[in-house]
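The values are calculated or read from the model by the stated rules, or taken from the named source; none is laboratory data. None of these values were measured; they are calculated from a predicted model. When we count neighbours, we look across all protein chains shown, and the Cβ atoms used for this are built from the backbone with ideal geometry, even at glycine.
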Amino acid sequence: MSLTAEPREHVELGDLNTLHVPAVARFYWEVHDAAELKAALAWAEAKSLGVLILGGGSNLVFNGDFSGLVIRMCVPGRYWEEARNHEATLVLGAGENWHEAVIYAARAGYRGIENLALIPGTAGAAPVQNIGAYGVELCDTLESVTALDRRNGEVVSLRNEECGFAYRDSLFKQSPGRYAIIEVRLRLSRDTPLQLGYRDLEEYLGDRDRAALSVIDVAEAIMAIRRRKLPDPNLIPNAGSFFKNPVVAVSDYERLQTTYPDIVGYTQPRGVKLAAAWLIDQCGWKGFRNQRVGVHNRQALVLINHSGGTGRDILELAEKIRETVKAKFGVELEMEPGVVGQGGESG
Ligand code: FAD
Ligand code: EPU
């Protein structure tokens with residue numbers, strides 16, 4: 001039995017979201033296993049309360065207080081399963097810290113998630129937006145997800161191909177509130193090739209002998225690159241990239257290229273993915289700040305809570321950025337973090 005096996009009332013969430021915007025949860029419950037999760041959900045249902053499933057709060061904007069029950073996923077557990085032929089399955093409880101799991105796997109010599117080092121948050125949230133960085137996405141190694149399906153109260157196991165993974169997207173994001181992820185399983189290997197092709201990583205590695213690199217070397221390189229560009233949320237509150245990189249039709253990309261020959265785009269199977277950071281940067285937002293919030297001066301895709309900003313301040317700035325990008329380039333930016341209002345989460 002956990003120490004917090006019942007809800008608390010009026011809990012401050014300022015330190016439970018990496019933007020550090022103020023918000024109060026009417027009710028708050030930390031759950032450590034499937035039984036506690038079920039109990040918390042049944043309790044909320046009996047009281048007709050909305051529910052927010054919370055991990056590390058690194059991809060959420062609280063736009064005011066939350067009038068329902070916040071369930072913080074604290075399910076522990078990190079172990080290896082089915083190790084054979086240089087492969088093994090890493091099983092992670094939803095509440096495990098993602099970055100620590102990456103380092104744990106890398107220290108054991110298993111490859112596959114090292115490029116995802118230093119992404120904040122929990123293992124349970126990683127499938128929600130199919131976290132990705134430096135040429136790797138979670139779906140490249142995810143074997144299955146164990147989740148509570150709130151439609152019928154059953155604990156289900158969803159295989160990779162059932163999770164609807166796409167760029168910053170998944171079944172879990174498409175069906176908000178339906179699944180509470182309890183555990184994830186990752187299939188890792190000791191001899192899968194290291195993914196070294198992302199431009200920043202190539203530049204960072206310079207003339208180092210690629211064949212001599214260990215999985216830990218790569219994780220450390222990723223950490224060094226990220227520390228140069230992305231603000232540490234413990235020091236400068238932020239939620240990582242605030243917008244997704246928009247995918248446009250090839251014809252739109254070519255049209256933009258005639259006016260903006262330097263525009264950054266990556267060819268995809270279904271169009272061209274534009275660098276939202278470049279678009280925002282070109283609109284002059286990089287380094288912008290007002291009294292409370294602003295745009296990071298080394299990464300235009302990162303919005304920052306400089307001093308006492310609220311979720312509303314952040315969302316108002318985001319809207320202004322969206323409008324200027326739309327006016328200049330005709331491109332719609334879609335927010336990456338979810339927005340939590342009075343009743344529940346949207347977006
Ligand atoms: P939260 O913010 O708590 O929740 C995010 C969403 O997942 C919410 O909808 C929540 O309801 C849902 N959720 C959380 N846990 C569960 C669960 N167990 N079951 C069901 N739903 C759940 N993301 C990337 O993809 N790549 C990056 O490179 C990256 N870099 C970042 C850098 C910084 C500095 C920051 C602050 C963020 C970055 N992010 C990045 C975004 C963020 O770290 C990821 O989205 C992360 O997976 C969120 O985890 P979390 O536990 O904080 O989730
Ligand atoms: N750029 C600018 N101005 C800037 C920043 C970048 O012009 O201020 C240009 C860069 O020169 C580069 C391009 O934009 O040509 C892309 O920049 P970067 O490589 O930094 O990546 P990104 O597209 O901005 C994405 C993810 C990050 C992930 C990195 C590394 C999205 C929305 N963001 O950022 O994920 O860490 O690639 O793979 O896909 C997150 O999701 O929260 C996140 C941080």
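Odds and ends about this structure:
- Output for the stretch 81-110, where each listed residue is over 25 Å from Asp169 (Cβ atoms) and not acidic (Asp, Glu): Ala83, Arg84, Asn85, His86, Ala88, Ile103, Tyr104, Ala106, Arg107, Ala108, Gly109, Tyr110
- Pick from the stretch 280-301, criterion outside any loop (DSSP other than H, G, I, E, B) and within 8 Å of ligand 2 (Cβ to nearest atom), ranking: farthest from Phe243 (Cα to Cα): Gln282
- Under the condition of being within 16 Å of ligand 1 (Cβ to nearest atom) and of a type in the set (Asp, Glu), the residues counted in the stretch 226-267 number 1.
- Residue identified as closer than 18 Å to Val155 by Cβ, touching a strand residue (DSSP E or B) at 6+ places or on another chain (Cβ under 9 Å) and more than 16 Å from ligand 2 (Cβ to nearest atom) among Glu12, Glu45, Glu6: Glu45
- Scanning the stretch 96-122 for residues that are within 10 Å of the chain's Cα centre (by Cα) and either part of a loop (DSSP other than H, G, I, E, B) or among the acidic types (Asp, Glu) (or both) returns Ile119, Pro120, Gly121.
- Tallying residues that are crowded, with 21+ Cβ neighbours inside 10 Å and within 12 Å of ligand 2 (Cβ to nearest atom) within the stretch 97-120 yields 5.
- Of residues in the stretch 76-95 being hydrophobic (A, V, I, L, M, F, W, C) and within 18 Å of the chain's Cα centre (by Cα), the one surrounded by the fewest Cβ atoms within 10 Å (Cβ to Cβ): Leu92
- Cβ pairs under 8 Å, 6+ apart, first in the stretch 233-251 and among the basic types (Lys, Arg), second modelled with pLDDT of 95 or more: Lys244/Tyr167; Lys244/Arg168; Lys244/Ala276; Lys244/Leu333; Lys244/Glu334; Lys244/Met335; Lys244/Glu336
- In this structure, Gly197 does satisfy being of a type in the set (Gly, Ala, Ser), under 28 Å from Val331 (Cα atoms) and in the same structural domain as Asp169 (by TED's automatic domain parsing).
- Summed over the stretch 277-322, residues that are closer than 18 Å to Asn63 by Cα, surrounded by 23 or more Cβ atoms within 10 Å (Cβ to Cβ) and either acidic (Asp, Glu) or touching an Asp or Glu at 6+ places or on another chain (Cβ under 6 Å) (or both) total 1.
- Filter result for Asp232 (away from ligand 2 (no atom under 16 Å from the Cβ) and more than 16 Å from Leu116 (Cβ to Cβ)): no
- You will find that of Leu49, Leu37, the residue that is outside the structural domain of Asp149 (by TED's automatic domain parsing), assigned to a loop (DSSP other than H, G, I, E, B), in contact (Cβ under 8 Å) with a residue 12 or more places away in the chain and not basic (Lys, Arg) is Leu49 and no other.
- Any hit, the stretch 268-278, residues being within 16 Å of ligand 1 (Cβ to nearest atom), assigned to a loop (DSSP other than H, G, I, E, B) and modelled with pLDDT of 95 or more: yes
- Check on Ile182, closer than 25 Å to Leu16 by Cα, out of contact with any Lys or Arg (no Cβ under 8 Å at 6 or more places or on another chain) and away from ligand 1 (no atom under 12 Å from the Cβ): no
- Tally, over the stretch 76-103, of residues that are among the aliphatic types (A, V, I, L, M) and either outside the structural domain of Val184 (by TED's automatic domain parsing) or modelled with pLDDT under 95 (or both): 1
- Within the set Leu142, Leu118, the sole residue that is in contact with a Cys (Cβ under 8 Å, 6 or more places away or on another chain) and either within 15 Å of ligand 1 (Cβ to nearest atom) or not β-branched (Val, Ile, Thr) (or both) turns out to be Leu142.
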